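Inspection log for the structure reproduced underneath, given as structure tokens.
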Amino acid sequence: MKRFAVWGFVVMGLATAPLAVSQDWIALQDGKTLAGWKAAERPESWVVEDGAFVSHGERAHLFYVGKVAKHNFKNFEFSADVMTSPGANSGIYAHTRWQGPGWPEAGYELQVINSNPPAEKMNGYIEHKMTGSVYAVRNSWQAPVADNVWFNYRIRVVGKTIQTFINDKLICEYAEGPTPFRPDDKKGRLLGSGTFALQAHDPGSIVKYRNMKVRLLANDAAPPAGLVPLADRELDQLITQASNDNIPLIDLGLSAPDGGPTEEFMRQARRYGMLPLRMQELPQMSSSIAVLVDRDRGPDVELLKSLKAKGYRVAFSSGGATSFDEAQLKRRLLAIRDAGLSWQDFWVPGKP
């Protein structure tokens, strides 16, 4: 085994919102039926078992259409207990709206997946946008919890900011700028107001949701201190595009200053899509992995193309840096783009 201190970074107009504010949690399910929720297609993909909503079939999104806030939420905290089965994929949508068949076009998906199904079942695809990810905007490449255990999933939206918490640990967060970049198939991924939806992804994805509840926050509630949009719109676009493309950039040479990660270090990490996930031990790297140190200058595009052509998988290192360098991150992302690297060209600890 080789020891590393690894800091993985993942590169990573609706109706008027309600005025009512509640300091208390309000239940969104009765523990017995699907009352207040409605599937836009294939209602048979959702059942209630032991008080939990259970997905167990073909794609079907279950929308909240109940009375709380007239199913139109702006600033809020949402909480649910969730359990995934091995290889199961799902998601919780916020600020979305009712629509017919298909994947919801409006609002953000907050990812639910803690392990990948066998690659042969997915035509070789391996998901790197794991539980807690602000899907395709700011991702976490490593699942924060295991399958077959209940965990708490909390989502907080205030103004143009969104945060995800797993068992009260802040996983991902994002501040939406005035003109955020979105890929062509995700133009509706914007904050405004809307309802919630749960995703039944496929017949092999059994996911359970219970104790769903919401706490309404004031329309003028203050967003988290320091959570602001990136000033460099091109950098934000590069991070978002890489996140959308399932690219899990992992830095083998970026670590917190002595004494461990400070609150400011963590905040900056999430700001740049570089959520640190410290790992004390990693598997032995194979000879087919190329580690590139790019602390002082951007990666060589032609070298990256050559490594890709020869079947190498790539990992990057900041060479022992203890702070985040926005210019360096931008150079790296530009080189990845210009070399045409895909998610398959990166080494990810613990994954094939």
task = Check whether at least one residue in region 110-126 is modelled with pLDDT of 95 or more, in contact with a helix residue (DSSP H, G or I) (Cβ under 7 Å, 6 or more places away or on another chain), buried (at least 20 other Cβ atoms within 10 Å of the Cβ) and not charged (D, E, K, R), and report yes or no.
result = no
key: Yes/no for ALA256 being touching a strand residue (DSSP E or B) at 6+ places or on another chain (Cβ under 9 Å), of a type in the set (Gly, Ala, Ser) and closer than 19 Å to GLY132 by Cα   = no
request  = Provide a single number: the residues in region 248-267 that are farther than 16 Å from PRO349 by Cα and either small (Gly, Ala, Ser) or at pLDDT below 80 (or both).
outcome  = 7
message = Let me spell it out: the conditions are (1) modelled with pLDDT under 95; (2) on the phi > 0 side of the Ramachandran plot; (3) of a type outside the set (Ser, Thr, Tyr), and PRO203 meets all of them except one. Which number is the exception?
response = (2)
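Any residue that is assigned to a strand (DSSP E or B), assigned by TED's automatic domain parsing to the domain that holds TYR209, surrounded by fewer than 19 Cβ atoms within 10 Å (Cβ to Cβ) and not basic (Lys, Arg) - is there at least one of those in region 55-73?
Let us first name the residues in region 55-73 that are assigned to a strand (DSSP E or B), namely 55, 60-64, 73.
Pick out the ones that are also assigned by TED's automatic domain parsing to the domain that holds TYR209 and you get 55, 60-64, 73.
Then drop every residue that is not surrounded by fewer than 19 Cβ atoms within 10 Å (Cβ to Cβ), which leaves none.
Within region 55-73, not a single residue is assigned to a strand (DSSP E or B), assigned by TED's automatic domain parsing to the domain that holds TYR209, surrounded by fewer than 19 Cβ atoms within 10 Å (Cβ to Cβ) and not basic (Lys, Arg).
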SER79 vs. criteria at pLDDT 95 or above and of a type in the set (Gly, Ala, Ser) = yes
query = For region 149-168, how many residues are of a type in the set (A, V, I, L, M), over 13 Å from the mean Cα position of the chain (by Cα) and not in a loop (DSSP other than H, G, I, E, B)?
reply = 2
key: Number of positions in region 313-352 that are at positive phi and at pLDDT 90 or above   = 1
query = Applying the selection to region 18-71, what residues are closer than 27 Å to GLY204 by Cβ and polar (S, T, N, Q)?
reply = GLN29, THR33, SER45, SER55
task = Kindly indicate whether any position in region 216-239 is modelled with pLDDT of 95 or more, surrounded by fewer than 22 Cβ atoms within 10 Å (Cβ to Cβ), polar (S, T, N, Q) and not assigned by TED's automatic domain parsing to the domain that holds ALA339.
result = no
request  = Name the one entry in LEU329, LEU292 that is more than 20 Å from ASN116 (Cβ to Cβ), among the hydrophobic types (A, V, I, L, M, F, W, C) and touching a Pro at 6+ places or on another chain (Cβ under 7 Å).
outcome  = LEU292
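Which count do you get for residues in region 324-345 that are part of a helix (DSSP H, G or I) and either over 13 Å from ASP232 (Cα atoms) or of a type outside the set (A, V, I, L, M) (or both)? Can you show your working first?
First, pick out the residues of region 324-345 that are part of a helix (DSSP H, G or I): 326-339, 343-345.
Then keep just the ones that are either over 13 Å from ASP232 (Cα atoms) or of a type outside the set (A, V, I, L, M) (or both); that gives 326, 328, 330-339, 343-345.
Result for region 324-345: 15.
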key: Subset of region 287-311 [acidic (Asp, Glu), surrounded by fewer than 16 Cβ atoms within 10 Å (Cβ to Cβ) and in a loop (DSSP other than H, G, I, E, B)]   = ASP296, ASP300
note = For region 294-320, pairs from a residue that is closer than 23 Å to PRO349 by Cβ to a residue that is among the charged types (D, E, K, R) and in a strand (DSSP E or B), with Cβ under 8 Å and 6 or more apart or across chains, are PHE316/ASP251; SER317/ASP251; SER318/ASP251
note = Turns out the strands (runs of 3 or more DSSP E) fully within region 169-281 with at least 1 residues that are farther than 19 Å from ASN139 by Cα and β-branched (Val, Ile, Thr) are 195-200, 207-216
request  = Could you grab me the full set of residues in region 147-165 that are surrounded by fewer than 22 Cβ atoms within 10 Å (Cβ to Cβ), within 21 Å of MET130 (Cα to Cα) and touching a Gly at 6+ places or on another chain (Cβ under 9 Å)?
outcome  = ASP147, PHE165
query = Does VAL134 fit the bill of being surrounded by 21 or more Cβ atoms within 10 Å (Cβ to Cβ) and closer than 24 Å to TRP343 by Cβ?
reply = yes
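The values are calculated or read from the model by the stated rules, or taken from the named source; none is laboratory data. Note that the structure is a prediction, hence the values are computed from the model and not measured. Note: ideal-geometry Cβ built from the backbone for every residue, glycine included; neighbour counts use all protein chains shown.
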